[in-house]
1. Among A:53-60, A:7-14, what's the highest-first ranking by average C-beta atoms within 10 angstrom per residue?
2. For chain B, what proportion of DSSP beta bridges, expressed in % and rounded to the nearest 5, is antiparallel?
3. Over the alpha-carbon set of segment A:1-75, divide Rg by the Kirkwood Rh and report the Rg/Rh ratio to two decimals.
4. Could you compute the net charge surrounding residue B:87? Neighbours are other residues with a C-beta less than 15 Å from the C-beta of residue B:87; K and R count +1, D and E count -1.
5. Summarise the partner chain shielding of B:44-54 as one whole number: the mean count of Cβ atoms from other chains within 10 Å of each residue's Cβ.
6. At 10 °C and a viscosity of 1.306 mPa s, what translational diffusion coefficient does Stokes-Einstein give for chain B, taking Rh as the Kirkwood radius over Cα pairs? Give it in µm²/s as a whole number.
7. Tell me the net charge near residue B:68. Cut-off is 13 Å between Cβ atoms, residue B:68 excluded, with +1 for each Lys or Arg and -1 for each Asp or Glu.
8. Quick one: if you stick a label point 7 Å off each Cα along the C-beta vector at residue B:2 and residue B:113, how many nm between them?
Amino acid sequence: NAGVTQTPKFQVLKTGQSMTLQCAQDMNHNSMYWYRQDPGMGLRLIYYSASEGTTDKGEVPNGYNVSRLNKREFSLRLESAAPSQTSVYFCASKVAGLPYEQYFGPGTRLTVT
Amino acid sequence: AQTVTQSQPEMSVQEAETVTLSCTYDTSESNYYLFWYKQPPSRQMILVIRQEAYKQQNATENRFSVNFQKAAKSFSLKISDSQLGDTAMYFCAFRQTGANNLFFGTGTRLTVIP
């Protein structure tokens, strides 16, 4: 049981390049989330998927797109990377309903130069 | 929007001593959940403890306990018998009942000194 996995762990992009961050969970969770963590700040929600087939914007969605490929996988895409998107990205998942907590992946450190 | 404030950017504690981390939040809702997450140098976010706002009893998990003051909108974390492995960033987080978004504070960096 691997929990929440993310690939890659590190990535360096040039401004304007695109890439997709992958996330998968093996806990049969319904809900999945993408957060970003910037220095001196807590995590902020980018997008979430409450269930397979649905996605919704979070607090900071601009510049990102997501795909809920199936129940296990939720990807985050940067179409044209900008230096402001340099951050650590976390994926999380949760069983639907309350009060279950979110389980986090190990994070992806992305640098855009 | 809900806000979560952690006013102590850094703290330190001697091994085996007790330390309390502060958190306040702002909401007009009456039903919600509060969490403390630990983020060690590995970056992994690990849930430490959870409190449901409708419960008056403070949550406890082994050496970790909270002091939940609903009227004051305060949610502090007490770590007893501090261990070297407790060295980490600690984040307080808030989630409104029925909502998907977790709102995080800016974190407190805790160092346990041998």
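Nothing in this text is a laboratory measurement; each read-out follows from the coordinates by a stated rule. Please read all numbers here as calculations on a predicted model, not as lab measurements. No Cβ is skipped: glycine too gets one built from the backbone with ideal geometry, and neighbour counts run over all protein chains shown.
1. Numbers: A:53-60: 14.1, A:7-14: 12.5.
Highest mean packing first, the order is A:53-60, A:7-14.
2. Details: 34 of 39 bridges.
If I count the DSSP bridges inside chain B, around 85 percent turn out antiparallel.
3. On the way: Rg = 12.8 Å, Rh = 13.3 Å.
Ratio of gyration radius to Kirkwood radius for segment A:1-75: 0.96.
4. On the way: positive: B:38, B:43, B:63, B:109; negative: B:10, B:15, B:17, B:81, B:86.
Within the 15 Å Cβ shell, the charges total -1.
5. Numbers: counts 7, 12, 2, 4, 0, 1, 3, 1, 2, 0, 1.
The mean count of partner-chain Cβ atoms within 10 Å per residue comes to 3.
6. Values: Rh = 14.1 Å.
In µm²/s, the coefficient is 112.
7. Details: positive: B:50, B:55, B:70, B:73, B:78; negative: B:52.
Counting the neighbours of residue B:68, the net charge comes to +4.
8. Those two pseudo-labels are separated by 3.5 nm.
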